[in-house]
Amino acid sequence: MNLANGLTLLRICAIPLLLVLLSVPHVSDTQKIIDLLVFLAITFTDYLDGFLARKLKQETNMGQLLDPLADKMLVFSLLLWFIAAQKIAYYWVAILLFREMAVLGLRSIAALQKVVIKADRLGKIKTVWQYVTLAWLILELPFVDLWVIGMVIITLISGFNYFYENREVLKSG
């Protein structure tokens, strides 16, 4: 286990803490700020683990598979929490989940062919947009619906791009 993979696992383990913090009734804006800071600390490990893996030349197949999984665990845990809190419509989350499952299927087919599909630029942009949208939801800022629609659009475009860029995996699968 290298440092980068350890940070990814730390990100996964911190998700329940954030969910507990979000579940505490908000009596002031200070609590929203605390929730946001914990969320930002968790998301910072997403950047940091990738940076360290490249800098220390410790990129691993485990990290390439575990890092996007950790991202999805964070994003969907929070999105489900926001559905339960009635702050986001379930159908947006269903669309996002459909995309993620489709890309997971593509990655699984690729893995059977001993091919690892790394996150591409659009996938990284999608993740950042999701993080910004989640921060927007945590802070309960206005125009959240626009951020959510943007998140869905970028997520779908990114998903189509994964299939287009990796169409050879499907042909030989």
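The values are calculated or read from the model by the stated rules, or taken from the named source; none is laboratory data. These numbers were taken from a predicted model, which means no experiment stands behind them. In this analysis, Cβ positions are derived from the backbone assuming ideal geometry, glycine residues included, and neighbour counts consider all displayed protein chains. Accessible surface areas use protein heavy atoms only, side chains included; no ligands, DNA or RNA. Shrake-Rupley method; radii C 1.70, N 1.55, O 1.52, S 1.80 Å.
Tabulated values for the structure
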| quantity | calculated |
| --- | --- |
| The chain, accessible surface, carbon-and-sulfur percent (1.4 angstrom probe) | 72 percent |
| Nearest-20 debye value, the chain charge dipole, Cβ charges on Lys, Arg, Asp, Glu | 540 debye |
| Mean separation of Cα contacts under 8 Å (6+ apart) over length of the chain, as relative contact order % | 27 percent |
| Cut-off 13 Å between beta-carbons: net charge of the residues surrounding Thr45, Lys and Arg +1, Asp and Glu -1 | -3 |
| Dipole moment magnitude, nearest 20 debye, segment 73-170 about Cα centre, only Lys, Arg, Asp, Glu C-beta charged | 280 debye |
| For the chain, accessible area per residue (1.4 Å probe, heavy atoms of protein chains only), Å² | 57 Å² |
| Segment 92-144 and segment 1-69: distance between their alpha carbon centers, rounded to Å | 15 Å |
| Rounded to 10°, Cα long-axis angle of helix 144-165 versus longest principal axis of the chain | 10 degrees |
| Two-site FRET efficiency, Gln113 against Ile157, from Cβ-Cβ distance with R₀ of 30 Å, rounded to 0.05 | 0.75 |
| Solvent accessible area, Å² - Tyr162, 1.4 Å probe, full protein context | 10 Å² |
| Sites Gln86 and Lys57 - FRET efficiency at Förster radius 45 Å, r taken between beta-carbons, to 0.05 | 0.45 |
| Using alpha-carbon coordinates, inclination of helix 61-84 to the longest axis of the chain, degrees | 30 degrees |
| Accessible area of Phe163 in the full protein assembly, 1.4 Å probe (Å², nearest 10) | 70 Å² |
| Ser172, Ser28, ranked by accessible area, largest first (probe 1.4 Å) | Ser172, Ser28 |
| Most positive-pole-ward Cα, Leu10, Gln113, Ile34, against dipole of the chain from beta carbon charges | Gln113 |
| Candidates Ile138, Ile33, Ile12: whichever shows maximal mean-square fluctuation once the chain is modelled as a Gaussian network with Cα springs under 10 Å | Ile33 |
| Thr30 accessible area, assembled protein chains, probe 1.4 Å, Å² | 90 Å² |
| FRET efficiency estimate (nearest 0.05) - Cβ-Cβ, Glu165 to Val132, R0 30 angstrom | 0.80 |
